[in-house]
Amino acid sequence: GRRACARTDQTAMSAPESPFRAGTVAIVGRPNVGKSTLLNRLVGEKISIVSRKSQTTRHRIVGILTRPDAQFIFVDTPGFQTRHVNALNRAMNRGVRQALNDVDAVIFVVEAGRFGAHDQRVLDLLPTDRPVILAANKVDRCADKAALLAWLGETAARFPFAAIVPVSAARGSQLNELLAEVRQYLPNDAPLYGEDEMTDRSERFLAAEYIREKLFRLVGDELPYTAAVEIERFALDGGLRRIYAAILVDREAHKGIVIGKGGAMLKRIASEARQDMERLFGGKVYLEVFVKVKSGWADDERLLKQLGYE
């Protein structure tokens, strides 16, 4: 009877044969396959900006998930850019390659049932000397299960994947299975971050990302990619955060789009971003956002560095 007792789940969790693991995991894939949604769902907070417009993730954003048996440090890389060749895109592609060189495992996200030339381009750049787990996202949209199985078979033949997991980031399905696969490849290590930490990015950086998300979400279709957010001042005043931010646009005409009729659009961008910040920072935020015309910034290497694009 004693033996049966010893095999309860709780004992199994603290069993010595399952040491704690901690390591870094890159999330890669072409634009718009749901990488940011997946990261946010895994970490449980809105850390990476999510927008229908592709190319919105420009930085390596780290999301941290700590569980009783492992700590996953996610590196959310920018989508590879193949369309426009400018300094910004070169910086983004460099960021992706660097991110892949120093991780323990890679999650390659594709849209279930679809595998195009852009997916192949990303696949061609993946390392063969470390585990790549294929996350076939948006499976909830695949009605024809037989076709999906056939597609999974074809995709498996393209690369020596360590595992293939069909998931739905939007619905949160099969994510535990995905994490279980990834965990196997993390080194045995103590946690690298505190249990309550979710990102290594500063509040200043996250504030800029939130404004940029609202910008692309609310005026994305009318605004070219050449729009960035610069935090000019970030000060703690007791429990209040005072944030002054500038939205940089390329042309005078774009300024009008962002400000909107009677300043309504800019007000909405600022108000929605402020609410998100207050939720994440857990405190009051005073936010002032203005718009500046700075033409050619996406081709200006020095300015890109200033804005945090390595």
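The values are calculated or read from the model by the stated rules, or taken from the named source; none is laboratory data. Just so you know, these numbers come straight off a predicted model, no measurement behind them. Here Cβ is always computed from backbone atoms with ideal geometry, including for glycine, and neighbour counts include all displayed protein chains. In case anyone asks, the SASA skips ligands and DNA or RNA and just uses the protein heavy atoms, side chains included. Shrake-Rupley method; radii C 1.70, N 1.55, O 1.52, S 1.80 Å.
Residues whose amide H falls under 5 Å from that of Ala22, counting only those 5 or more places apart or on a different chain, are Gln71, Asp189, with hydrogens built in the peptide plane.
Look at the alpha carbon pairs under 8 Å that are at least 6 residues apart: their mean separation over the length of the stretch 184-294 gives a relative contact order of 28 percent.
Taking each residue as 0.36 nm, the span from Asn188 to Ala170 lengthens on full extension beyond its C-alpha to C-alpha distance by 3.4 nm.
When both the stretch 101-144 and the stretch 172-187 are represented by their alpha-carbon centers, they are found 15 Å apart.
Taking a ≥ b ≥ c as the square roots of the eigenvalues of the Cα gyration tensor, an a/c ratio of 1.5 or more together with a/b no larger than b/c marks the stretch 145-185 as oblate.
By definition, a body whose alpha carbon gyration tensor gives a ≥ b ≥ c is oblate when a/c is 1.5 or more and a/b is not larger than b/c, and the stretch 114-233 fits this oblate description.
You can think of it this way: the chain between Arg114 and Ala264 has 50.0 nm of extra reach, that is 0.36 nm per residue less the Cα-Cα gap. Comparing Gly172, Tyr193, Val229 along the charge dipole axis of the stretch 126-235, the residue lying farthest to the positive side is Gly172, per the Cβ-charge model. Only protein heavy atoms count here; under a 1.4 Å probe, His254 has an accessible surface of about 20 Å².
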